[in-house]
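**Q** My questions all concern the structure below.
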Amino acid sequence: MNLNIDVAGIKLEHPVMNASGILGSTYNDIAVLARAGFAAFVTKSFTREKREGYGTPIAVPISETLSLLNAVGLENPGLEGLAELLDSCKIFGKPIIVSIAGSSPEEFVEIAVVAEEHGATAVELNLSCPHVRGRGLEIGASPSAVREIVGIVSSSINIPVIVKLGLVDRLVEVASAALEAGARALTLINSVKAMKIDIYAAKPILGNRVGGLSGKAIHPIAVRAVYEVYRELKPDIIGVGGVFSWEDAIELIMAGARAVQIGTAIIYYGPEIVREIVEGMKRFLEQQGFRSIEEIVGYAVS
Amino acid sequence: MTSYAYVPAKLVKHVRKPNSPVAVLVYKALTTRFFPSLPGHFCMLWVPGYEAIPLSIAYQEGAHYYFIVKKRGPTTTKLVEDPPRYVGLIGPAGSPIPAPSSGGKILLLGGGVGIAPLIYFATTIASYVESVTLVYGVRSSNELVELDQIFNVNRFKNVELIIVVEEVCERAVFKGTLIDYITVKIGDRLEEYDRVYASGPQTFLCKLYEVFNRAGLLDRLVLVLETYVRCGLGFCGKCTIPGTSKLLCRDGPALSAQLLKNWFAKICV
Ligand SMILES: Cc1cc2nc3c(=O)[nH]c(=O)nc-3n(C[C@H](O)[C@H](O)[C@H](O)COP(=O)(O)OP(=O)(O)OC[C@H]3O[C@@H](n4cnc5c(N)ncnc54)[C@H](O)[C@@H]3O)c2cc1C
Ligand SMILES: Cc1cc2nc3c(=O)[nH]c(=O)nc-3n(C[C@H](O)[C@H](O)[C@H](O)COP(=O)(O)O)c2cc1C
Ligand code: FES
């Protein structure tokens, strides 16, 4: 059985890609992902200018729940670095999705245009970063801001525009605004704004104090988000949040996702975890008598 | 498979000679869910109010983690001079040093605080190898850590500790650099050692690579490298080992010299 599927018009050999921010900044990062067997690669979120990021620690494991708190600060090599990265990664011959974290509609467009010129398969607009002011969650919580940015980016490039949203109150409304403005798919969800304090040092641990929670702890939140948006709008969805096993991946797909991304599981288990997840999904489909991934997309939604 | 954890820890020991740039610190985990480590593992040690920096675990005994720290910038200076009562440890980072498969004579070469992972390594392999020669080189005597006292290295009959100091020092068996020691004291007998592990400043590792390359013995040499480390958890890509596609905080810090041909060409030449 093969696990072929398409999402936002992108053909995938199987539904598992990395999540933005986990090994997507350099050629070597992508080489590591390619060797491990990911179906597509998502870059770290890019900004126009190079960014240094926050002071360390930039991530704190919360091992009890196989979770992680991070505040990297959107560290990335900027537009120049993006062009170089895309040119060098053509040799892998797999779809590459460029994540963008702009602070204005113009910045999103500028980066999207460079991404298209240098051969990106699609762009993923990060409208949900929980810890960088003015980039991310504030935009993604407002249907009108989402409509404006997605609209202008969609009309500026020909490659598919994917919109990544986070945990916001009016998620279905925001999702609907993104789709109406031209998004071909939605990535759900980003990490969830959170904090961890060391009670002996009596201080928040992260250099930035506040960060984003990812991993197992947010998996049920991701499943709910995907389910609700799928039930109301039936768009193409890439599910992300706490996928550590093939069961977790199948769960998101049954909630309505056509593909999944994994982040924190790569950190805890190493990039090779993708093979186990893919093999497990195959076995499950065979045992349960399904003929393709397509058949179980939204299978649990009523 | 790694299982990372955050471990709050409390200072239980601070050993430093007057004005020494080097100190030994022992921190005890304040949780029962502390992580176990093997020699070669390091951790991100968070100094509240400062940063989190990569430090080799020099020894672990239950909840007690040992570190050897040398002053370089603000965080290491704080640790050496006035270590905080409480820190946070994130780890274990990296992969264990590949252990010799069986018996044999093992040579360990540690330059400065580079000795840290090799102490831990020596104490774990001593039980099953024929002999361990631990050569510890420092620039001046005030940098010298009393390994035999603090780590009780002498408890193993088959571990020999040799101290090499660049300036005159009564504790030293040999005056000079580690490379001088190898040239003068070991010379042609290099091949008597089944495996050689080295950790220390980059210039030292480069010279050692050359020595072993010339002798045709690269397959016996393992180098413990350093790169800039930011996340320590394998996601940021900052610690790529030059000339390889390996991440130091996942695949390193110890790598067989055979894999380091391009590293040598990039870094040492
Ligand atoms: C795997 C590994 C194990 C290490 N083990 C030890 C050890 O056991 N004992 C010890 O004393 N030192 C060790 N170091 C070096 C130690 O991490 C640096 O000295 C420390 O980060 C410097 O921090 P600072 O704030 O004092 O100085 P800074 O002012 O931040 O830096 C001083 C210099 O240290 C180096 N450096 C700074 N930050 C890092 C970083 N994050 N990673 C690597 N190098 C850096 C740079 O060359 C810099 O110029 C290790 C480094 C690595 C990568
Ligand atoms: C260290 C780290 C860095 C991240 N950086 C980004 C980023 O730059 N852009 C983005 O859209 N999401 C970023 N994320 C969020 C992930 O892409 C993903 O949405 C989230 O981690 C949930 O998935 P997971 O539980 O599989 O990790 C980051 C997550 C982590 C853990
Ligand atoms: S420091 Fe190794 S990947 Fe971040």
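**Q** Just how large is the dipole of the stretch B:5-93 about the Cα centre, in debye to the nearest 20, putting +1 at every Lys and Arg Cβ and -1 at every Asp and Glu Cβ? Working shown, then result.
**A** Values: 11 positive and 4 negative charges, 39 e Å.
The dipole of the stretch B:5-93 has a size of about 180 debye.
**Q** Please compute, for peptide A:31-40, the average count of beta-carbon atoms on other protein chains lying within 10 Å of each residue's beta-carbon.
**A** Numbers: counts 2, 8, 0, 1, 1, 0, 0, 0, 0, 0.
What the average comes to for A:31-40 is 1.
**Q** Per the Kirkwood definition applied to all pairs of different Cα atoms, how many angstroms is the hydrodynamic radius of the protein assembly as shown?
**A** Working: mean 1/r = 0.0397 Å⁻¹.
Final number for the Kirkwood radius of the protein assembly as shown is 25.2 Å.
**Q** For the charge dipole of chain B, defined by +1 on Lys and Arg C-beta atoms and -1 on Asp and Glu C-beta atoms about the Cα centroid, which residue among B:GLY216, B:ILE186, B:THR76 has the Cα displaced farthest towards the positive pole?
**A** Farthest towards the positive pole: B:THR76.
**Q** Where nothing but the Cβ of Lys and Arg (+1) and of Asp and Glu (-1) is charged, how large is the charge dipole of the stretch B:1-150 around its Cα centre, in debye to the nearest 20? Don't skip to the end; give the middle numbers.
**A** Values: 13 positive and 8 negative charges, 66 e Å.
Around 320 debye, computed over the stretch B:1-150.
**Q** In Å³ and rounded to a whole number, note down the convex hull volume per residue for the Cα atoms of the stretch A:1-82. Don't skip to the answer; put the middle values down first.
**A** On the way: hull volume 10.9 nm³, N = 82.
Expressed per residue, the convex hull around the Cα atoms of the stretch A:1-82 is 133 Å³.
**Q** Given the Cα atoms of the stretch B:47-146, and with Rh set as the inverse mean 1/r over their pairs in the Kirkwood sense, what is Rg to Rh to two decimals? Walk me through the numbers on the way to the answer.
**A** On the way: Rg = 15.2 Å, Rh = 15.2 Å.
Here Rg/Rh amounts to 1.00.
**Q** If DNA, RNA and ligands are ignored and the probe is 1.4 Å, what is the ranking of B:VAL12, B:VAL196 by accessible area, most exposed first?
**A** B:VAL12, B:VAL196
**Q** Could you work out what % of the accessible surface of the protein assembly as shown is carbon and sulfur, using a 1.4 angstrom probe and leaving DNA, RNA and ligands out of the count? Each step should come with its number before you reach the end.
**A** On the way: 10690 of 22030 Å².
Answer for the protein assembly as shown: carbon and sulfur cover 49 percent of the accessible area.
**Q** Rounded to whole Å and sorted largest first, what semi-axes of the equivalent ellipsoid does the C-alpha gyration tensor of chain A yield via the square root of 5 times each eigenvalue? Provide the component values of the computation, followed by the final result.
**A** Working: eigenvalues 129, 106, 81 Å².
Working through the eigenvalues yields semi-axes of 25, 23, 20 Å.
**Q** Next up: What total accessible surface area, summed over both chains, is buried at the interface between chains B and A, computed with a 1.4 Å probe and given in Å² to the nearest 100?
**A** Working: alone 12540 and 12280 Å², together 22030 Å².
Answer for the B-A pair: about 2800 Å² buried.
**Q** Can you give me the solvent accessible area of A:MET1 with a 1.4 Å probe, rounded to the nearest 10 Å²?
**A** Result for A:MET1: roughly 80 Å² accessible.
**Q** When the solvent-accessible surface of protein heavy atoms is calculated with a 1.4 angstrom probe, in what order do A:SER63, B:SER20, B:SER102 fall, highest first?
**A** On the way: A:SER63 30, B:SER20 0, B:SER102 80 Å².
Listed by decreasing accessible area, they come as B:SER102, A:SER63, B:SER20.
**Q** ³J(HN,Hα) across the stretch A:285-302 via Karplus (A = 6.51, B = -1.76, C = 1.60, θ = phi - 60°), whole Hz, x for Gly/Pro?
**A** The phi angles translate into 4, 4, 4, 8, x, 8, 9, 7, 4, 2, 4, 9, 5, x, 4, 9, 8, 9 Hz.
**Q** Per-residue mean of other chain beta-carbon atoms within 10 angstrom of the beta-carbon, peptide A:199-208?
**A** Details: counts 3, 11, 11, 2, 5, 1, 7, 2, 4, 0.
Partner-chain Cβ atoms within 10 Å, mean over residues of A:199-208: 5.
**Q** Going by a 1.4 Å probe on protein heavy atoms, which residues of the stretch B:1-25 end up with at least 40 Å² less accessible surface in the whole assembly than in their chain alone?
**A** Relative to the lone chain, where solvent access is computed with a 1.4 Å probe, the stretch B:1-25 loses at least 40 Å² at B:MET1, B:TYR4, B:TYR6.
**Q** Given C-alpha coordinates of the stretch B:5-93, what is the ratio Rg to Rh with the Kirkwood estimate of Rh? Show your work: numbers first, answer last.
**A** Details: Rg = 11.8 Å, Rh = 12.7 Å.
Reported Rg/Rh, Kirkwood definition of Rh: 0.93.
**Q** For the stretch B:191-242, what D do you get in µm² per second when you plug the Kirkwood radius from alpha-carbon pairs into Stokes-Einstein at 10 °C and 1.306 mPa s? Provide the component values of the computation, followed by the final result.
**A** Details: Rh = 12.6 Å.
Taking Rh from Cα pairs, D becomes 127 µm²/s.
**Q** Another question, then. Which value, in Å² and to the nearest 10, is the accessible area of B:CYS206 when all protein chains are kept and the probe is 1.4 Å?
**A** Only protein atoms counted, so the area is about 20 Å².
**Q** If you take the charge dipole of the stretch A:73-130 about its Cα centre, with +1 on Lys and Arg Cβ and -1 on Asp and Glu Cβ, which of A:PRO95, A:LEU79, A:GLY119 is farthest toward its positive end?
**A** A:PRO95
**Q** Can you work out ³J(HN,Hα) from phi for every residue in the stretch A:239-246, in order, using Karplus 6.51 cos²θ - 1.76 cosθ + 1.60 and θ = phi - 60°, giving whole Hz and x for Gly and Pro?
**A** x, 8, x, x, 7, 10, 9, 5
**Q** Quick one: P(r) of the stretch B:105-224 from all Cα-Cα pairs, 5 Å bins, percents rounded to integers, in order of increasing distance.
**A** Taking every Cα pair in the stretch B:105-224, the percentages come to 2, 11, 24, 26, 21, 12, 3, 0.
**Q** Averaged over its residues, how many other protein chain Cβ atoms are within 10 Å of peptide A:51-60's Cβ atoms? Let's see the in-between values first.
**A** On the way: counts 0, 0, 4, 0, 3, 13, 13, 10, 11, 9.
Counting other chains' Cβ atoms within 10 Å and averaging over A:51-60 gives 6.
**Q** Another one. With charges only on Cβ, +1 for K and R and -1 for D and E, what is the dipole size of the protein assembly as shown about its Cα centre, in debye, rounded to 20? Intermediate values should be presented prior to the final figure.
**A** Numbers: 56 positive and 55 negative charges, 259 e Å.
With Lys and Arg at +1 and Asp and Glu at -1, about 1240 debye.
**Q** What accessible area per residue, rounded to a whole number of Å², is obtained for the stretch B:89-172 using a probe radius of 1.4 Å? Before the final figure, lay out each step's value.
**A** Numbers: 3040 Å² over 84 residues.
Roughly 36 Å² per residue, with all protein chains present.
**Q** Limiting things to C-alpha atoms, what are the Rg and the maximum Cα-Cα separation (Dmax) for chain B, in angstroms?
**A** 17.7, 51
**Q** List the residues whose amide H sits under 5 Å from the amide H of A:GLY55, counting only those 5 or more places along or on another chain, with H placed 1.01 Å from N in the peptide plane.
**A** Sorted by chain and number, the residues that satisfy this come to none at all.
**Q** Which sequence of B:ARG155, B:ARG250, B:ARG230 reflects their accessible areas, 1.4 Å probe, from the largest down?
**A** Working: B:ARG155 100, B:ARG250 40, B:ARG230 20 Å².
So the residues, ranked largest to smallest area, are B:ARG155, B:ARG250, B:ARG230.
**Q** For the stretch A:99-177, what is the largest minus smallest coordinate of the Cα atoms on each principal axis, given in angstrom and ordered from greatest to least?
**A** 36, 24, 18
**Q** Considering amide H positions built from the backbone, and no H for Pro or chain starts, which residues 5 or more places from A:LYS50, or on another chain, come under 5 Å of its amide H?
**A** Under 5 Å from the amide H of A:LYS50 lie the amide H atoms of A:LEU79, each far enough along the sequence or on another chain.
**Q** From Cα pairs below 8 angstrom and at least 6 apart in sequence, can you work out the relative contact order of the stretch B:105-224, rounded to a whole percent? Could you put the intermediate results ahead of the total?
**A** Values: 204 pairs, mean separation 35.0, N = 120.
Value for the stretch B:105-224: 29 percent.
**Q** With θ taken as phi - 60° and the coefficients 6.51, -1.76 and 1.60, list the Karplus ³J(HN,Hα) couplings across the stretch A:202-216 in order, rounded to whole Hz; mark glycine and proline as x.
**A** For the stretch A:202-216, the Karplus curve yields 6, 8, x, 7, 4, x, 8, 6, 9, x, x, 8, 9, x, 3 Hz.
**Q** Which whole-percent values make up P(r) of the stretch A:152-244 when all C-alpha to C-alpha distances are grouped in 5 Å steps starting at zero?
**A** Spelled out per bin, shortest first, that is 3, 13, 21, 18, 15, 12, 9, 5, 3, 2, 0.
**Q** To make sure I understand the rule: partners must be lysines, Cα under 24 Å from the Cα of B:LYS17, and not fewer than 8 residues away in the same chain. Which ones qualify?
**A** B:LYS28, B:LYS70, B:LYS71, B:LYS78, B:LYS175
The values are calculated or read from the model by the stated rules, or taken from the named source; none is laboratory data. Keep in mind the model is a prediction, meaning the values are calculated, not measured. Positions of Cβ are backbone-derived with ideal geometry, glycine not excepted, and every protein chain shown enters the neighbour counts. Side chains included, ligands, DNA and RNA excluded: accessible areas come from the protein's heavy atoms. Shrake-Rupley method; radii C 1.70, N 1.55, O 1.52, S 1.80 Å.
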